[in-house]
Structures are given as structure tokens and as C-alpha cells.
Amino acid sequence: MEKKDSSSQISENVSHATTGDAQIVPQNMGKLNSSSSELDLDRPNLEDYLPIGSIPEPRGKLRLRDFLDISPTLTEAAGAIVDDSFTRCFKSNPPEPWNWNIYLFPLWCFGVVIRYGVLFPVRVLVLTIGWIIFLSSFIPVHFLLKGHDKLRKKMERILVELICSFFVASWTGVVKYHGPRPSMRPKQVFVANHTSMIDFIILEQITAFAVIMQKHPGWVGLLQSTILESVGCIWFNRSEAKDREIVARKLREHVVGVDNNPLLIFPEGTCVNNHYTVMFKKGAFELGCTVCPIAIKYNKIFVDAFWNSKKQSFTMHLLQLMTSWAVVCDVWYLEPQNLKPGETPIEFAERVRDIISVRAGIKKVPWDGYLKYSRPSPKHRERKQQSFAESVLRRLEEK
């Protein structure tokens, strides 16, 4: 009985095994079918890596490769995404951290104590003393010497240079000037690349320039409308179209004045991170006068002097400079340039930008700095859309 039971059990196991195998086969076939369907979904991607003509295609099929060839607009868009040189112009590039191990970290902590606990209070004291000296002298000169314009302008110019020197001292500024200093002559304008508002302060401590600058709110705007207007500075609001006409008229009037302070313009129109130069506005180059280029290059060994006005107030920017070790930069006064015969103001501006970029060792990019604040004009977008639509229709007709 036991043998029969064992033999019958073996036969049943064999029968179950055979039926189990029969059930396994359809499941495996199902898996193969599903995998083949997945391969079908991947076929368009695989075809991109195969030679053209190796796989027959149905007539009239529009593939991704054809779509990318429709218009140069897509190529420009893809290039802008891959190489976004516009955004890079307005990004701060902090140095690599060096306090990454147990040996250097105590030194970094000691440096923090020195910068914030010793240097910063001393620098605040220096700047406070500078403001006391400046205001106690500027207010009497401004109001008591109104009948002596020539003497008053000379004294105010000296005092503005003095307060700018105190600002540079409050950063422990190490500034090296190259070339002859600017002189007061009619029919000339100075242009410089722009990294921060401190560009103006660094240049102003040597020569009291009359600068063209964006109107700012807060205490900076108060200084603009009171003290800096005494040296002939001109302010504008880039969002007001009427301001452009007013500024253009004031520029023409200023450059012909014999006793006016030298005119300084930052033709980029915005702060750039000292690694690039964006397109120069042509206003300074169509005045019919001599253009004197100035190149400014900051050394980031102790602090990045770039001011991102959209993310940081000027007060916080000054605080960052005053809590650093030092502000190190070079300033080059370059050879004056004049408009050549047959040269347009735009070509003149590009030539001067070349000179400044080469001297400062910074890269030129073909961007308008005002795109940082506003979108492209609707006319420009419509032209791009029209050319794209025409190229799409032309390719579809060929298909």
C-alpha cells in the first residue's frame, strides 16, 4: 500500500509539473510580448542613433530630427539654454571655500573675530569721523558762499573727493591708478565699465566727476539730490521715457561748459560682475566729443565687489565691504578716442568697449544690459514668431 501510494504520488507530481510547465509558457510569452511593446516605444529614440535609411519610414512622417531643422530659431533657443552668457553676467561668483579642514578652520574663525570685532568698529569710526568733517564743512560752504560760485564749486569738489576717500579707507581700499589723471577740459567725456556703485566712489576720490546715474531710493537718493548735485551729477529713472530726452539735453549742455567737472558715464547702464562687459549705450558716443576710456578690474582675493542691486541693498553691500579684509582693484586711464570718418556711434561704442575689455581682461558679450530690468520689445518677439511660422510652413509643404 505504501508503494502504491508513493508511485501514485510521483505520477501526480509529474502531471502537475507538466501542467505547470504549460502554464509557465504563456506567462513567459506575455513577458516577451510586453518587453517587445516596450522596445517599440523606444524605437524612435533608437532610430536617432542608426544610419539614415537603415530602417524604412512611412512617407510623410515628421520626426524630431526634422523638427529641429525647421528653423534657426530653435538652434538659437537651444544655444541660449546651453550657454546662458546673459545670466552669467549678473551672477556673483564667490571664491572657493578654503576652511575645509580642522587645521584651517581655527584660522578662519580667528579671521572672523578680527574682521568683525576689530576692523569693522575701526572702519565705522573712520567713516563717522569722515562724515562729521564733511558735513561741518560742506553745509557752511554750500550756503554761505552762494555769491562766490567759482570758489564754492572748487571747495565742494574738494570736499566730495574727501568724503569719497573716507569711504575707500573704510574698506581698506587698495587701489592702483595707471595713466594720467583726468583734467577739466570741454568737449570730453569719460566712460568706464560698471561693477558697483563703488566704481564712482573709487574714481571720485581722485577727480570730482559729474556722473550720470540711476536715481536710487533711501539715503543714497538723498545724497544724490543734495550733495552730489553740487558737482553737476545728473540722475535719471530708466522707466521714464521723458527722462531720456532730458538727460540727453543735459549731457549736450554739460560737455560744452568750460568750468564744468569732467563727465563720467557708465554706458553699460547696469552693474555687471566684472567678468563680462555688456553692450554700451550709444548716448555717450554721439555727443561729438572726445571719449576717454577707463578700465576697472577688481581682484577677488578678499571680496567680490559686484553689487547685485536686485538681491542686495547698497547698505548691505557696504556692510559686506566693510567686514572684508580689503577691496583691491586696478584703474587704467586709457588713451582718448575720437569718432573716425564714416564710423557710426554704435561702431564707436563697440571699439571703445573692445579697448576697455582687453585692458581689464574681461569678456565681451552681445547683450543689452537693460534686459536685466525689462523684457524684449513686442516688435522683436513678433519678428521672431513670424520667421519661425514661415519656416515651419515651408518645411511642412516640402513634406
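The values are calculated or read from the model by the stated rules, or taken from the named source; none is laboratory data. Being a predicted model, the structure only gives us computed values, none of them experimental. Please note: Cβ atoms are built from the backbone with ideal geometry, for glycine as well, and neighbour counts cover all protein chains shown.
Taken over the stretch 300-317, the criterion of being of a type in the set (Phe, Trp, Tyr) and in a loop (DSSP other than H, G, I, E, B) is satisfied by Phe302, Phe306, Trp307.
For residues in the stretch 212-226 being in contact with a Gly (Cβ under 9 Å, 6 or more places away or on another chain) and under 22 Å from Cys89 (Cβ atoms), which is surrounded by the fewest Cβ atoms within 10 Å (Cβ to Cβ)?
Per the stated criteria, the residue is Gln214.
Within the stretch 347-362, the residues that satisfy the criterion of being surrounded by 14 or more Cβ atoms within 10 Å (Cβ to Cβ) and either in a loop (DSSP other than H, G, I, E, B) or of a type outside the set (D, E, K, R) (or both) are Phe348, Ala349, Val352, Ile355, Ile356, Ser357, Ala360, Ile362.
The one condition from (1) surrounded by fewer than 19 Cβ atoms within 10 Å (Cβ to Cβ); (2) modelled with pLDDT under 95 that Ile132 does not meet is (2). Pairing each residue of the stretch 308-319 that is within 17 Å of Leu223 (Cβ to Cβ) with any residue that is of a type in the set (A, V, I, L, M, F, W, C) and loosely packed, with under 11 Cβ neighbours inside 10 Å, provided the two are 6+ apart or on different chains, yields C-beta distances under 9 Å for Phe314/Trp219; Thr315/Trp219.
Do we find a residue being assigned to a strand (DSSP E or B), touching a Ser or Thr at 6+ places or on another chain (Cβ under 8 Å) and touching a residue at least 60 places away in the same chain (Cβ under 8 Å) anywhere in the stretch 183-201? Yes, some residue in the stretch 183-201 is assigned to a strand (DSSP E or B), touching a Ser or Thr at 6+ places or on another chain (Cβ under 8 Å) and touching a residue at least 60 places away in the same chain (Cβ under 8 Å).
Among the residues making up the stretch 157-182, a single one is touching a Leu at 6+ places or on another chain (Cβ under 7 Å), in a loop (DSSP other than H, G, I, E, B) and over 24 Å from Cys289 (Cα atoms): Trp171.
Within the option set Ala284, Ala248, being modelled with pLDDT under 90, of a type in the set (A, V, I, L, M, F, W, C) and out of contact with any strand residue (DSSP E or B) (no Cβ under 8 Å at 6 or more places or on another chain) holds for one residue only, Ala248.
Within the stretch 274-285, residues that are in contact (Cβ under 8 Å) with a residue 24 or more places away in the chain and part of a loop (DSSP other than H, G, I, E, B) have Cβ atoms under 6 Å from residues that are among the basic types (Lys, Arg) and surrounded by 20 or more Cβ atoms within 10 Å (Cβ to Cβ) in these pairs: Phe280/Arg353, counting only partners at least 6 apart in sequence or on another chain. Only one entry of Pro106, Pro94, Pro121 meets the criterion of being farther than 27 Å from Ile206 by Cβ and at pLDDT 95 or above, and that entry is Pro121.
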